[in-house]
Amino acid sequence: MPVKTRKEDLANQMLVDRTDYLTSGVHIGMKTCTKYMRQFIYKIRDDGLAVFNIQKVDERIKIAAGFLSKFEKILAVSRKGNGVLPVRKFAEVVGGKAVTGRFPPGTLTNPSFREFYEPDVVRC
């Protein structure tokens with residue numbers, strides 16, 4: 001049986017405890033499933049609702065965090081009501097800017113606009 005190194009242990013460690021993922025509902029998907037989503041699906045329940053593989057979700061969050069860590073000015077956007085608090089919290093944590101609700105025209109394209117913002121990366 002091969003011995004794991006400390007580096008492998010850290011790589012296999014999840015960012016968030018599995019229980020926290022489950023209690024917050026991260027594992028619950030939806031009834032529609034595209035071919036691109038299949039790799040993240042653990043199983044499909046009897047009612048047709050997909051259940052995500054939490055380990056794969058955690059791996060993708062690590063990848064996204066690594067990518068975003070290279071940027072200073074991040075813009076997070078959500079038009080939907082249930083995305084307002086997460087987008088605001090995300091922007092607060094990364095030191096970026098949040099736009100919720102209607103997106104003001106000229107925000108990214110008009111330097112004379114009072115709310116103009118030139119981000120390094122946009123997250124929607």
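Things to note:
- Any hit, segment 54-61, residues being closer than 28 Å to LEU22 by Cβ, of a type in the set (D, E, K, R) and touching a helix residue (DSSP H, G or I) at 6+ places or on another chain (Cβ under 7 Å): yes
- Residue pairs meeting the criteria (Cβ under 8 Å; at least 6 apart or on separate chains; first assigned to a loop (DSSP other than H, G, I, E, B), in segment 108-121; second among the polar types (S, T, N, Q)): PHE113/THR107; GLU115/THR107; PHE116/THR107; PHE116/ASN110; TYR117/THR107
- Output for segment 42-82, where each listed residue is farther than 18 Å from LYS31 by Cβ and acidic (Asp, Glu): ASP58, GLU59, GLU72
- Only strands (runs of 3 or more DSSP E) whose full extent lies in segment 38-98 are considered here, and the ones with at least 2 residues that are assigned by TED's automatic domain parsing to the domain that holds ASP120 and surrounded by 13 or more Cβ atoms within 10 Å (Cβ to Cβ) are 74-78.
- Pairing each residue of segment 81-105 that is farther than 16 Å from LEU68 by Cα with any residue that is loosely packed, with under 13 Cβ neighbours inside 10 Å, provided the two are 6+ apart or on different chains, yields C-beta distances under 7 Å for PRO104/GLU115.
The values are calculated or read from the model by the stated rules, or taken from the named source; none is laboratory data. None of these values were measured; they are calculated from a predicted model. No Cβ is skipped: glycine too gets one built from the backbone with ideal geometry, and neighbour counts run over all protein chains shown.
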